[in-house]
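**Student:** Handing you this structure, nothing more for now.
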Amino acid sequence: MKRFAIVLAIVVVVYLIFFNPIHLPGLPFGKQQSSATLTKQVNQIQVKTGSIRAEVVLGEGNQVRAKLSGKGSVSVQRSGDSIQVKTHRQFSFFSWWDRSKVTITIPRSYARALSLDIGSGTINFDDEATYRKLAVNVSSGSANVKGISADSAQLVVHSGNLEMDQLHVRSATLDLRSGNLKVTHFSGAFNAQVHSGNLKMGITELSGPVKASVNSGLANFDLPNDADFRLNGKTNSGMLRCILPLKEKQTGDKTISGVHGSGTYTFDATVNSGVLRIY
């Protein structure tokens, strides 16, 4: 039994040295790859960051690159039809003062699916880009994303803060579990669900139907004066207010309906608990 324990310990040590799966510093093997080549077979780029500051920038060429400044590690790997960028950083009580940062470079020519998954750190993306699909998932950190056009977008905030500016899409899905979600200069159609938290949308152009549901929290929709929609609203124990003038307006005990502009698109709004404002 003792001999077996010794052999097992040797195997574990050799595995840690050569593969370094938990990214221990100072080991000679298992180093993380910092770039991957973008080919026509790559349909998705996935960026997953933990408790670190991250910045996404656009560059020339065909390389997805990641450069780390400070503590931790970062890897860029090709897996099937996707390229995955992951950061690894052990938690410490001094993380609040740590200025470590990772800069992720994506080829400017890339236009397929982009996924940004933020843990407890921050991420910033400030450039004009067009993608087939955009997904942003914030756990408990914060993200600032600006200048994205996409066929579809999915924004999810579990607990944290997400700010989107100049988001132009055919359709978007917004899922706010808790925290804050702010979208400015939005154009397109959307489906928004507020479980708890604060949602604020500044809409430049409404070009499709809207569904909005507030279970608990606050949702504000700032629509352009020339927006064309037909409102169908109902409440259970919350409050729904539409400040914009409505034609054919009808109000009941827990319902409100009417037409703004030509009424081209439907605006279905439901408030179970909380507040939903349209202005």
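**Student:** Kindly provide the set of residues from region 134-172 that are touching a residue at least 40 places away in the same chain (Cβ under 8 Å) and more than 8 Å from the chain's Cα centre (by Cα), ordered by number. If you could, list the steps in order and put the result at the bottom.
**Tutor:** Filtering region 134-172 down to residues touching a residue at least 40 places away in the same chain (Cβ under 8 Å) leaves 138, 141, 157, 160.
Correct list: G141, G160.
**Student:** Cβ contacts < 6 Å: first residue over 14 Å from I278 (Cβ atoms) and loosely packed, with under 13 Cβ neighbours inside 10 Å, restricted to region 233-260; second residue hydroxyl-bearing (S, T, Y) and at pLDDT 95 or above, any location; separation 6+ or different chain. Result?
**Tutor:** Note: pairs meeting the criteria are Q250/S257.
**Student:** So for region 182-198 (the condition being at pLDDT 95 or above, farther than 28 Å from A129 by Cα, assigned by TED's automatic domain parsing to the domain that holds V145 and part of a strand (DSSP E or B)), does at least one residue qualify? So that I can check it myself, show each step before the final result.
**Tutor:** The initial filter retains those residues of region 182-198 that are at pLDDT 95 or above, namely 182-198.
Adding the requirement that they be farther than 28 Å from A129 by Cα leaves 195-197.
Still in the list and also assigned by TED's automatic domain parsing to the domain that holds V145: 195-197.
Filter again for part of a strand (DSSP E or B), leaving none.
The answer is no, given that none of the residues of region 182-198 is at pLDDT 95 or above, farther than 28 Å from A129 by Cα, assigned by TED's automatic domain parsing to the domain that holds V145 and part of a strand (DSSP E or B).
**Student:** Does S115 qualify as being of a type in the set (G, A, S), at pLDDT 95 or above and in a strand (DSSP E or B)?
**Tutor:** Numbers: of a type in the set (G, A, S): yes; at pLDDT 95 or above: yes; in a strand (DSSP E or B): yes.
Judged against the criteria, S115 is a match.
**Student:** I'm trying to understand the selection: among the residues of region 216-226, which are touching a Phe, Trp or Tyr at 6+ places or on another chain (Cβ under 8 Å) and assigned to a loop (DSSP other than H, G, I, E, B)?
**Tutor:** Step one: list which residues in region 216-226 are touching a Phe, Trp or Tyr at 6+ places or on another chain (Cβ under 8 Å), which gives 220-223.
Hit for region 216-226 is L223, nothing else.
**Student:** Something else: From the list A189, A269, which residue is more than 16 Å from V157 (Cα to Cα), out of contact with any Asp or Glu (no Cβ under 7 Å at 6 or more places or on another chain) and crowded, with 21+ Cβ neighbours inside 10 Å? Break it down stepwise before answering.
**Tutor:** On the way: A189 fails: crowded, with 21+ Cβ neighbours inside 10 Å.
Answer to the check: A269.
**Student:** Sticking with this structure for a sec: Given the options S73, S109, name the one that is within 22 Å of L38 (Cα to Cα), of a type in the set (S, T, Y) and at pLDDT 95 or above.
**Tutor:** Answer to the check: S109.
**Student:** Sticking with this structure for a sec: List the number of the failed condition for G147; all other conditions in (1) over 30 Å from T264 (Cβ atoms); (2) surrounded by fewer than 18 Cβ atoms within 10 Å (Cβ to Cβ) hold.
**Tutor:** So the condition that G147 fails would be (1).
**Student:** Kindly establish whether R99 is at pLDDT 95 or above and surrounded by fewer than 21 Cβ atoms within 10 Å (Cβ to Cβ). It would help to see each step written out before you state the result.
**Tutor:** Numbers: at pLDDT 95 or above: no; surrounded by fewer than 21 Cβ atoms within 10 Å (Cβ to Cβ): yes.
In short, no.
**Student:** Can you tell which of S152, S171, S178, S139 is crowded, with 16+ Cβ neighbours inside 10 Å, farther than 29 Å from C242 by Cα, of a type in the set (S, T, N, Q) and assigned by TED's automatic domain parsing to the domain that holds I243?
**Tutor:** Working: S152 fails: farther than 29 Å from C242 by Cα; S171 fails: farther than 29 Å from C242 by Cα; S178 fails: farther than 29 Å from C242 by Cα.
Going through S152, S171, S178, S139 in turn, the sole match is S139.
Conditions tested, residue by residue: (1) part of a strand (DSSP E or B); (2) over 23 Å from H195 (Cα atoms); (3) of a type in the set (D, E, K, R).
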site: K234; (1), (2), (3): yes, no, yes
site: S237; (1), (2), (3): no, no, no
site: L240; (1), (2), (3): yes, no, no
site: Q250; (1), (2), (3): yes, yes, no
site: D253; (1), (2), (3): no, yes, yes
site: F267; (1), (2), (3): yes, no, no
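**Student:** Do we have S213 as of a type in the set (S, T, Y) and either assigned to a loop (DSSP other than H, G, I, E, B) or in contact (Cβ under 8 Å) with a residue 24 or more places away in the chain (or both) here?
**Tutor:** Considered against the rule, which asks whether it is of a type in the set (S, T, Y) and either assigned to a loop (DSSP other than H, G, I, E, B) or in contact (Cβ under 8 Å) with a residue 24 or more places away in the chain (or both), S213 comes out as yes.
**Student:** Could you check G188 against (1) in contact (Cβ under 8 Å) with a residue 60 or more places away in the chain; (2) over 11 Å from the mean Cα position of the chain (by Cα) and say which number it fails?
**Tutor:** With (1) in contact (Cβ under 8 Å) with a residue 60 or more places away in the chain; (2) over 11 Å from the mean Cα position of the chain (by Cα) applied to G188, the lone miss is (1).
The values are calculated or read from the model by the stated rules, or taken from the named source; none is laboratory data. Note that this is a predicted model, so its numbers are computed, not measured. So basically every Cβ, Gly included, is an ideal-geometry build from the backbone, and we count neighbours across all protein chains shown.
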